[in-house]
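What follows is a single structure, written as structure tokens, with notes after it.
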Number of protein chains: 2
Amino acid sequence: MWSAEENVSLLNDAVLRRETLVFFARCSIRYSGRAESYVEEGERVFLIKSDGALIVHQPTGNAPLNYMKPDTSHSFFVENNILKLKSTNITMKEFLEATISKILFFNSEKLNDGQTIIVQGTEEDMSEMLMERPELVEEGFKPVSREEQTKYGFVDVLGIDKNDVLTVVECKRYCADLSAVTQLRRYVEKIMVSKGIANVRGILAAPKITENAQKMLEDWGFKFVSVNPPKYLENFNKKQAKLDFF
Amino acid sequence: MWSAEENVSLLNDAVLRRETLVFFARCSIRYSGRAESYVEEGERVFLIKSDGALIVHQPTGNAPLNYMKPDTSHSFFVENNILKLKSTNITMKEFLEATISKILFFNSEKLNDGQTIIVQGTEEDMSEMLMERPELVEEGFKPVSREEQTKYGFVDVLGIDKNDVLTVVECKRYCADLSAVTQLRRYVEKIMVSKGIANVRGILAAPKITENAQKMLEDWGFKFVSVNPPKYLENFNKKQAKLDFF
DNA sequence: GGGGAGAGATGCCGC
DNA sequence: GCGGCATTTCTCCCC
């Protein structure tokens, strides 16, 4: 038979020792902070990290059910013979309480990982590629600066077209939508005002663009250019994919 | 001594039985799909869900290190005496490979959870509140419709002010930024065109607004109203907070 | 499935 | 810390 009391100190000790704690539990969860949430009893996976971060997952789905940021303090205790986990982040004014009817299993361990992930094919990689290969934007395009700061935001690539007209290029690594067009529009307007130039072009560089965004782009006299974000590891992975298929 | 071979079938079986599998492992990870990533060897938490979702966490931080969507297929195998996990999502054209030098522990179990989380204090709750208490927008404001999606776009609240001028209200549950203003601007312009009315007002309702956004709002003749999203469970949690403090 | 927008968005960088 | 913005954003809703 499972008993709440005998687990409380083990769980609290694991947290105090700053181990990485994982457990499966049947529980209901209440949260309050930036918003408020409640979920009825079900079986979930809990992960408490060494920095105090808490992540709760249901047995399906990509996103966590509930979570608490790093530097949250956690306390297991028994109240009216019921095990509870109370997680408090004072600075963020956030609170989470799990009412646990059963712990199905738990384990904790000191984990070491000082590595940082490297991601390629980002929007930044894209704008770098356009700086190096300006012909991808259009014939005769000459980049002037990258990531130019304006009061109203960053400009990915600023350049001059073949007719010496100042041109703002906004990159999107995904299918460009309405907000991408309004963002470009915002930059073009800002450059016009700050530089005192009436004729500034806007180019949106992305793999593709939605129909409505294309229409709004045309309404504002801007141009779409189809560009894919660079993927330097593609060859390696194509081989892997083929091995998976056959 | 730990041996790779003896764990392979246990791990694969757990996935095949659609259990929720969790394990700690020292590994490096390569991913390719929408982007590409690589991370050197470190100790991490793996979670494979019953629907095929994979989530990998480092021992600190809120966000996952790597992940794969539901309906990904997973295969553990030994290659050159090294344990590997290969995860493939054919439809999304995504691939992940973990090269595992050591499994520190693993456990799997069939978890049951059919519950759905309830969240309150959302933007939708906010616009509902403004429909019920229009005086929060401004004195004399009369709401006409909420969430008019089909005809005029995703306008949160559409109404008429005390001078019978058509007014678009855009809600934000957080501090309103530049994109909130451009979004409002887009809606106002759309309404002007579709209704053929030159005089349409725009109001941005949010807890607060950034300085630049305020300036842009004024440039476009729009108005800011400070409104907080409703939190119905606030009383319960205030009590909890006090108990935590003292 | 695509499009549009919110999210307890998160995380990063710059000022 | 605020601000502006990308994200393997994710998720939901609606067409």
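Quick notes
- Three-way shape label, the protein assembly as shown, alpha-carbon gyration tensor, a/c 1.5: oblate
- Residue-wise HN-Hα coupling along segment B:74-86, computed from phi with Karplus coefficients 6.51, -1.76, 1.60 (Hz; x: Gly, Pro): 10, 9, 8, 7, 9, 10, 6, 6, 10, 6, 10, 10, 10
- Taking amide H atoms as placed 1.01 Å from N in the peptide plane, the amide H of residue A:102 lies under 5 Å from those of A:26, each 5 or more residues away in sequence or on another chain.
- Nearest-ten-degree value, helix B:234-245 long axis tilted from longest Cα axis of chain B: 60
- On the beta carbon distance between residue A:51 and residue B:90, with R0 = 51 Å, the FRET formula returns roughly 0.90.
- Cα long-axis angle, helix A:123-132 against chain A (0 to 90 degrees, to the nearest 10): 30
- Remark: segment A:17-25, residue by residue, has Karplus-estimated 3J(HN,Hα) of 6, 6, 7, 8, 10, 10, 8, 9, 8 Hz, where x stands for each Gly or Pro and the curve is 6.51 cos²θ - 1.76 cosθ + 1.60 at θ = phi - 60°.
- Here the Kirkwood formula, the inverse mean of 1/r across different C-alpha pairs, assigns segment B:20-153 a hydrodynamic radius of 18.4 Å.
- Table column - 3J(HN,Hα) (Hz), segment B:166-171, Karplus curve with 6.51, -1.76, 1.60, x for Gly and Pro: 4, 9, 9, 10, 10, 9
- When you restrict to C-alpha pairs under 8 Å that are six or more residues apart and normalise by the size of chain B, the relative contact order lands at 13 percent.
- Of A:105, A:141, A:224, the residue with the greatest mean-square motion in the GNM of chain A, using alpha carbon springs below 10 Å, is A:105.
- Nearest-to-axis residue of chain B, judged by beta-carbon position, where the axis maps B onto A, in Å: B:182, 2
- Cα convex hull of chain B - mean projected area over all directions, nm²: 20.3
Here, each number is a calculation from the coordinates, and none is a lab measurement. All of these numbers come straight from a predicted model, not from anything done at the bench. Positions of Cβ are backbone-derived with ideal geometry, glycine not excepted, and every protein chain shown enters the neighbour counts.
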